[in-house]
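What follows is one structure encoded as structure tokens, with my remarks underneath.
Read-outs throughout are calculated quantities, based only on the coordinates presented, and are distinct from any laboratory measurement. This one's a predicted model, so the numbers in the text were calculated from it and none came from an experiment. With ideal geometry, Cβ positions are generated from the backbone for all residues, glycine too; neighbour counts draw on all protein chains shown.
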Amino acid sequence: MRKMRLCVVGLFIMSLALSASATEGGGGAYPNGAEGFLTGALPPPGHHIIDYSLYYSADTLRDGRGNSIPIDFDLEVYGNVIRYVHVSKATLFGASVAQHIFVPFLNVDVTTPGGSDNQFGLGDLIVDPLILGWHKPPFHWAAGIDIYVPVGEYDKDDIANVGRNYWTIEPVFACTYLDDKGYEVSTKLMYDINFENDDTDYESGDVFHVDYMVAKWFKGLGLGIGGFYEKQVTGDDGMVMTPAGPMDAGDNKGQQFGWGPAISYRHKNMFFGLKYMDETETENKPEGERLWAKFIYSF
């Protein structure tokens, strides 16, 4: 009888772990905190290569009340994303016109009560054929609609995946205030509209999220505090498989706040950035820490 009770408790804990993740897989299409310094300032006409490097680590999974779920869980992600931005000399509605594409490569390592898995490969592409950017110092702002194209490898039977297997449409608005004394406040607001995963018949809810930065520039050196806030607006639609059987995803909604120090340096046509973020105020998601490095070369 005691062994049976332990088995039931174990299944219950595993069910909590697998059903606590809001949005399918517990994450979102956008890697929170990717942007910060000068995010609303579209660069001048030309070609711009941006390289993002990410290390993410989490060993805690939190439920809908923010409590830690006592299970064996570990997640590590190494990512490198190449972004190409073209800013034309054309204008529209008084704004500069640009396009961009993101090409991500990811290594995902996951350990859960159901086992361990590791995957490496090309992730989902992000494209935007029309970005508009305005400059009226000390304010700079930009707007566009990013489209997440599900080309990354995905298998519904794998614990780890580098692709999400569904489309996401993401309206974006970014704004930067930078005065002549070097004080900066930047924010990037996004709203994710997720479509159904055809392999699982699961549709993740809509998500509102913000990257932010408050900084001071000393000539080419920038020091600041940055991070992100994420809040799921609508619940998921679909079933999650647990050891106890299929369960309705219900109204699980995730949220999270991240913050930490950031430093950057600008020199001629190059930009270097580094920032660390600790995650807190987490519900229905993994909680951990992330380190971002960023390099821009313009020509």
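Structure notes:
- Residue with peak Gaussian network fluctuation, the chain [Cα springs, cutoff 10 Å], from 130, 178, 189: 130
- The chain, helix-only ellipticity at 222 nm - DSSP H runs n ≥ 4, -39,500 (n - 2.57), divided by all residues, nearest 500: -2000 deg cm²/dmol
- Spin-label model distance (nm) - residue 74 vs residue 120, 7 Å beyond Cα toward Cβ: 1.8 nm
- Between 0 and 90°, nearest 10: helix 2-19 axis offset from the chain longest Cα axis: 20 degrees
- Residues considered: 170, 35, 289. Largest GNM mean-square fluctuation over the chain, using C-alpha springs under 10 Å, is found at 289.
- Backbone N under 12 Å from the residue 167 label point (7 Å along Cα→Cβ), restricted to region 116-148: 147-148
- Paramagnetic label reach from residue 89 (point 7 Å along Cα→Cβ; backbone nitrogen cut-off under 11 Å): within region 41-62, residues 45-46.
- Structure-derived semi-axes √(5λ) of the Cα gyration tensor in Å: which label, when the choices are (1) 42, 21, 16; (2) 30, 23, 18; (3) 37, 20, 17: (3)
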